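Reviewing the structure listed below.
Coordinate-derived values only; no laboratory data. Because the structure is predicted, anything quoted here is derived from the model rather than measured. Cβ coordinates were reconstructed from backbone atoms using ideal geometry, including for glycine residues, and neighbour counts include every protein chain displayed.
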């Protein structure tokens with residue numbers, strides 16, 4: 001009894017190793033049907049000492065199913081899937097598997113995506129003479145999970161339907177399988193059908209987690225709210241995984257207030273809860289809130305995991321907060337996940353956004369494994385810092401490592417080509433896209449149109465546009481923008497009308513592109529009408545970009561008073577881009593008084609942005625105000 005208690009209290013392999021000799025001395029390990037030997041084998045496995053577990057197993061001549069299961073479970077826990085199946089085959093000729101063995105072996109099949117092995121095990125279950133194996137729902141759940149992992153949902157459903165009285169775990173496994181295979185609508189339908197057909201089944205918190213995940217994928221906030229209400233009626237609101245899944249749903253589908261309300265209502269919060277909030281605010285560009293939640297999380301005594309770190313690095317990258325980013329980097333080093341692919345990629349992106357190219361390059365070179373997203377982060381970083389030559393070198397290096405770029409990476413490459421302005425490079429990249437089969441994707445087509453437009457080849461841009469079969473709003477907007485870049489405002493307006501006839505609904509970017517096209521072509525009245533129709537006809541609320549484009553349009557035409565009135569009437573405070581457009585208009589038309597007003601405002605909003613000072617210098621030079629110009633030049637020198 002004392003030895004049994006000692007064994008149960010072991011929390012390290014060393015402790016088991018100390019009790020092991022005492023059990024041997026007493027003759028308790030090798031005795032027939034010993035209850036100690038399976039326990040010791042399992043403990044060694046749990047404490048990651050597989051070698052010791054296997055050694056003891058090999059020493060025992062009479063191996064029971066319990067002993068075999070202990071060893072199989074140990075290998076399964078370590079992810080040694082092939083060893084599990086090898087041992088299972090040996091067990092079949094020995095003690096013979098029981099209802100506890102088969103779920104372990106099926107999990108190994110799922111881990112290896114070994115569908116044929118899984119089907120063989122299914123056949124073994126069906127042909128088994130033991131009723132307990134054929135009817136055991138744990139075996140059925142393992143079969144469903146194996147088929148789901150291998151993408152065989154039809155077979156998974158057949159397994160479910162083979163049980164006259166399925167339990168909640170079996171039901172949940174099918175719902176989860178549909179969701180994990182990207183078939184969220186079928187997950188929802190299956191959940192509803194089974195619930196109506198089996199009155200005895202009551203969804204568990206885990207069932208609802210799977211259901212909410214499917215609802216989130218479908219984007220159905222209404223269904224999500226119904227599910228939320230049901231959790232309250234069932235008294236599940238204190239279940240943390242379920243509360244976290246609801247919070248995640250609101251961050252994806254709801255508004256800020258709904259997310260805040262859900263977060264405040266949660267009586268318990270863990271790392272996943274806080275990480276969800278940090279990620280939510282980071283993706284919305286609300287950097288202050290993201291950093292605030294990160295700090296509150298650490299003050300609550302919770303240690304951020306790699307997911308939290310990635311989210312907070314995204315927030316740091318958005319506002320180029322190098323100081324906070326470096327602190328996060330130090331924490332990642334301390335916790336040992338600095339060189340995990342996702343974390344290292346987020347760090348590279350943060351350093352690139354903070355213009356710390358050397359730090360980004362050093363980290364990239366130290367990464368033991370790089371995926372396509374890591375390469376894309378480096379390419380995007382060089383593009384962000386206006387270094388198109390370096391991006392091409394990195395892209396070539398990536399291809400030489402046999403890393404195949406995905407569509408997202410190719411968009412980043414096209415953006416970089418747009419910046420470089422080299423038509424030869426553009427043609428080479430386009431050729432690569434065609435060979436890779438990317439060219440018929442609408443968002444790739446949009447990036448190609450933009451690239452050719454900026455590289456001076458409007459003819460190629462039009463050809464890409466016309467050859468793309470599925471034209472979405474992004475592609476139409478790129479074509480409208482392309483006409484604007486080349487000063488063909490009338491063509492841009494005509495293209496916009498064609499888009500409306502094609503039943504594609506314009507979005508906020510479409511209107512930014514069209515107003516900018518009117519601005520560059522001197523179509524003042526057309527631009528004003530577009531802005532008015534955007535609000536009144538299409539119901540698009542003007543954002544900072546729309547006001548910036550309108551101020552640019554009015555400023556270029558010399559209607560500075562009207563532009564200033566528009567700024568004053570804005571429902572949101574005018575940002576640097578709006579005042580920058582106004583200052584540019586003042587420079588064109590030599591309005592010193594208004595120019596100084598715009599400059600003063602810009603100096604307050606963006607004191608470190610030297611580019612905003614240059615139009616003011618040009619105004620002073622044009623009108624001989626040399627003293628004012630000298631003062632501004634001194635300010636620019638301090639910035640650099």
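Numbers below:
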| read-out | value |
| --- | --- |
| Between 0 and 90°, nearest 10: helix 423-436 axis offset from the chain longest Cα axis | 30 |
| Sequence-separation-based contact order of the stretch 341-392, relative, with Cα cut under 8 Å and 6+ spacing, percent | 40 |
| Two-site FRET efficiency, residue 266 against residue 196, from Cβ-Cβ distance with R₀ of 41 Å, rounded to 0.05 | 0.85 |
| Segments 295-302, 340-347 sorted - mean Cβ within 10 Å per residue, highest first | 340-347, 295-302 |
| MRE, 222 nm, helices only [DSSP H, n ≥ 4, -39500 (n - 2.57), over the chain, to nearest 500] | -23500 deg cm²/dmol |
| Cα gyration tensor shape for the stretch 336-459, rounded if a/c is under 1.5, else prolate or oblate | prolate |
| Rounded, prolate or oblate (a/c below 1.5 giving rounded, otherwise prolate when a/b exceeds b/c) for the stretch 286-348 by Cα gyration tensor | oblate |
| Mean separation of Cα contacts under 8 Å (6+ apart) over length of the chain, as relative contact order % | 4 |
| Cα-based shape type of the stretch 97-202, given that a ≥ b ≥ c are square roots of the gyration tensor eigenvalues and the cut on a/c is 1.5 | oblate |
| For peptides 167-173, 84-90, sequence by mean Cβ density within 10 Å, most packed first | 167-173, 84-90 |
| Added length on full extension, which subtracts the Cα-Cα distance from 0.36 nm per residue, residue 434 to residue 397 | 11.3 nm |
| Which labelled figure in (1) 1.03; (2) 1.30; (3) 1.25 is Cα Rg over 2.2 N^0.38 Å, once derived from the coordinates | (3) |
| Most to least packed among 280-290, 371-381 [average Cβ atoms within 10 Å] | 371-381, 280-290 |
| Helix axis angle, 256-265 relative to the chain longest principal axis, alpha carbon, degrees | 30 |
| Full-extension gain in nm, residue 92 to residue 569, via 0.36 nm per residue minus C-alpha separation | 163.7 nm |
| Pairwise label distance in nanometres, residue 161 with residue 593, each label 7 Å out on the Cα-Cβ vector | 8.3 |
